[in-house]
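Input: a single structure, listed below in structure tokens.
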Amino acid sequence: MVMKEVGLAEAKATLSALLDRVERGETIVITRHHEPVAEIRPLKTQARGLRPWGLAKGEFVVPDDFNDPLPDDLLDLFEGKGDKDLLS
């Protein structure tokens with residue numbers, strides 16, 4: 001992998017262009033007084049897209065009471081009212 005070395009003054013003046021190069025896969029080494037001090041490189045990220053349906057199929061079961069209203073004592077806790085000892 002060929003890395004481009006760039007002096008600090010040039011890096012400050014051309015940061016946007018350097019980031020464009022990094023996005024294309026290049027690694028940039030920033031130097032101060034001809035000594036390397038930092039490296040800007042592309043992040044390894046996964047391609048983003050829609051997740052396929054059914055990834056967790058069979059991993060869990062949604063309980064029948066999932067959409068039932070919460071008990072009043074639990075709702076009170078969400079509103080800052082009620083007995084906080086119920087949480088322990």
Taking the stretch 19-44 as the search range and keeping residues that are part of a loop (DSSP other than H, G, I, E, B) and either of a type in the set (Phe, Trp, Tyr) or surrounded by fewer than 10 Cβ atoms within 10 Å (Cβ to Cβ) (or both), which one is modelled with the lowest pLDDT? Lys44
Let me spell it out: the conditions are (1) of a type in the set (A, V, I, L, M); (2) part of a loop (DSSP other than H, G, I, E, B); (3) modelled with pLDDT of 80 or more, and Ala47 meets all of them except one. Which number is the exception? (3)
Among the residues of the stretch 7-18, is there at least one that is surrounded by 10 or more Cβ atoms within 10 Å (Cβ to Cβ) and part of a strand (DSSP E or B)? yes
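The values are calculated or read from the model by the stated rules, or taken from the named source; none is laboratory data. Predicted, not measured: the structure shown is a model, and the values here were computed from it. Virtual Cβ from ideal backbone geometry, glycine too; neighbours counted across all protein chains shown.
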